[in-house]
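The values are calculated or read from the model by the stated rules, or taken from the named source; none is laboratory data. Quantities reported herein were computed from a predicted structural model and do not represent experimental measurements. Note that we place each Cβ from the backbone using ideal geometry, even for glycine, and neighbour counts take in every protein chain shown. With ligands, DNA and RNA removed, areas are computed over all heavy atoms of the protein, side chains included. Shrake-Rupley method; radii C 1.70, N 1.55, O 1.52, S 1.80 Å.
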Amino acid sequence: MLYFIPTPIGNLSDVSLHVLEVLKECEVIFCEDTRVTKKLLSLLQDRYNLTLKNIQFYSLHSHNENEVLKDLDIEIFKKTSAYMSDAGMPCISDPGNSLIKFAQKNGIDYEVLSGSNALLLAAVASGLIRKEFSFLGFLPNKGDERKISIQNALNSAFPAIIYESPKRILSLIKDIANLAPQREIFIIKEATKKFEKKYFDTAINLAKILEDENLNGEFCLVIDKSKNTKFETILESDILDLDIPPKQKSKLLSKITGINQKEIYKNLIK
């Protein structure tokens, strides 16, 4: 059996009894960073008097997953195995999806355990979500891709949830304030940790507030849905009209059409 184990996103007490029970039986652990996982297991052993078996550790992350899975002997899953990301739920802006697909393709039994997740925590704490929402994860870091992603979040018919780093949180809020100054935004910083902090205000006010705040830590924000009845949709023609290189155009077009980026690029340079 292969288990996908969510790990605490800050407060070690958020680990579940189910997770501890599974960890006691684990013989193989795939993880995003073996150093981080070993440190976490050591903390759990000390706090919960957890006795572990002699575990084989394998590093499996977005940069090596294809290579690791290509040479992986599925016989290893006859042992009790698990995948653990550094913090939070596997596959939610974290690695793990390729291993899920690998298990499905090879008929490997797997189970996903419930546990800590910043996305759902922010959704509840925001007070902005009654039913539907859209989750955008981390936006592109820069350029036209980022501008389009922000515009799409603001045009969404549902509240949009975004993860952001301390390096870009202020610039993100300022960009939103320039486009929709009165849009309400909920922000949670360092969720479940000792210095957790929440903010709720309009974009224009938050841009001023964050100027004087300590921005170290991880952020999750919920942007209220658009109140407009008509939404500005990014069309293929809008992207084709942009004064940017064909490679960037093909990447953007691939995102909104689902067509292979290389195929689009070939057509653009004909």
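From the residues in the range 179-229 that are in contact (Cβ under 8 Å) with a residue 60 or more places away in the chain and among the hydrophobic types (A, V, I, L, M, F, W, C), which one is surrounded by the fewest Cβ atoms within 10 Å (Cβ to Cβ)? In this case the residue turns out to be PHE200.
Hey, any hits in the range 221-230 for a residue that's more than 20 Å from VAL124 (Cα to Cα), at pLDDT 95 or above and not in a helix (DSSP H, G or I)? Looking for residues that are more than 20 Å from VAL124 (Cα to Cα), at pLDDT 95 or above and not in a helix (DSSP H, G or I), one finds none in the range 221-230, hence no. Scanning the range 204-235 for residues that are within 21 Å of SER134 (Cβ to Cβ) and among the acidic types (Asp, Glu), we see that the one that is nearest to the chain's Cα centre (by Cα) is GLU218. Suppose the filter is at pLDDT 90 or above, touching a Ser or Thr at 6+ places or on another chain (Cβ under 8 Å) and not aromatic (Phe, Trp, Tyr); does THR192 pass it? It is true that THR192 is at pLDDT 90 or above, touching a Ser or Thr at 6+ places or on another chain (Cβ under 8 Å) and not aromatic (Phe, Trp, Tyr). Annotation for the range 62-74: no member residue is under 24 Å from SER16 (Cβ atoms) and either in contact (Cβ under 8 Å) with a residue 24 or more places away in the chain or crowded, with 16+ Cβ neighbours inside 10 Å (or both). On the stretch given as the range 154-170, residues that are within 11 Å of CYS220 (Cα to Cα) and open to solvent by less than 10 Å² (accessible area, probe 1.4 Å) total 5. Of everything listed in (1) modelled with pLDDT of 95 or more; (2) of a type in the set (Asp, Glu); (3) in a loop (DSSP other than H, G, I, E, B), the single unmet condition for ASP175 is (3).
In the range 1-24, what count of residues is obtained for those that are of a type in the set (Ser, Thr, Tyr), closer than 20 Å to ASN97 by Cβ and either open to solvent by 60 Å² or more (accessible area, probe 1.4 Å) or part of a loop (DSSP other than H, G, I, E, B) (or both)? Result for the range 1-24: 0. The residues in the range 99-152 that are under 18 Å from ALA87 (Cβ atoms) and touching a helix residue (DSSP H, G or I) at 6+ places or on another chain (Cβ under 8 Å) can be counted, and the count is 6. Checking each residue in the range 117-136 for being of a type in the set (A, V, I, L, M, F, W, C) and assigned to a loop (DSSP other than H, G, I, E, B) picks out LEU128, ILE129, PHE133.
Taking SER42 as the residue in question, decide whether it is under 16 Å from the mean Cα position of the chain (by Cα) and hydroxyl-bearing (Ser, Thr, Tyr). Lay out the reasoning, then the answer.
Details: under 16 Å from the mean Cα position of the chain (by Cα): no; hydroxyl-bearing (Ser, Thr, Tyr): yes.
Here the answer is no, as SER42 does not meet what is asked.
Kindly establish whether SER85 is of a type in the set (S, T, N, Q) and surrounded by 17 or more Cβ atoms within 10 Å (Cβ to Cβ). Yes; evaluated as a whole, the condition is true for this residue. Filtered by the rule that a residue be surrounded by 18 or more Cβ atoms within 10 Å (Cβ to Cβ) and not in a helix (DSSP H, G or I), the range 88-116 gives GLY88, MET89, PRO90, ASP94, PRO95, GLY96, GLY115, SER116.
Checked against the criterion of being at pLDDT 95 or above, under 23 Å from the mean Cα position of the chain (by Cα) and under 21 Å from LYS79 (Cβ atoms), the candidates PHE4, PHE57 yield just one match: PHE4. When LYS167 is tested against (1) part of a loop (DSSP other than H, G, I, E, B); (2) touching a Pro at 6+ places or on another chain (Cβ under 6 Å); (3) of a type in the set (Lys, Arg), exactly one condition is not met: (2). Contact map, the range 245-263: residues that are over 13 Å from GLU145 (Cα atoms) and open to solvent by less than 80 Å² (accessible area, probe 1.4 Å) paired with residues that are among the small types (Gly, Ala, Ser) and in a helix (DSSP H, G or I), Cβ distance under 6 Å, separation 6+ or inter-chain. Pairs shown: GLN261/SER250; GLN261/SER254.
Specify the residue that is least open to solvent (accessible area, probe 1.4 Å); the eligible residues are those in the range 137-153 that are assigned to a loop (DSSP other than H, G, I, E, B) and of a type outside the set (S, T, N, Q).
Pass one, the range 137-153, residues assigned to a loop (DSSP other than H, G, I, E, B): 139-142.
Adding the requirement that they be of a type outside the set (S, T, N, Q) leaves 139-140, 142.
Numbers: LEU139: 14, PRO140: 36, LYS142: 162 Å².
For the range 137-153, the residue satisfying everything is LEU139.
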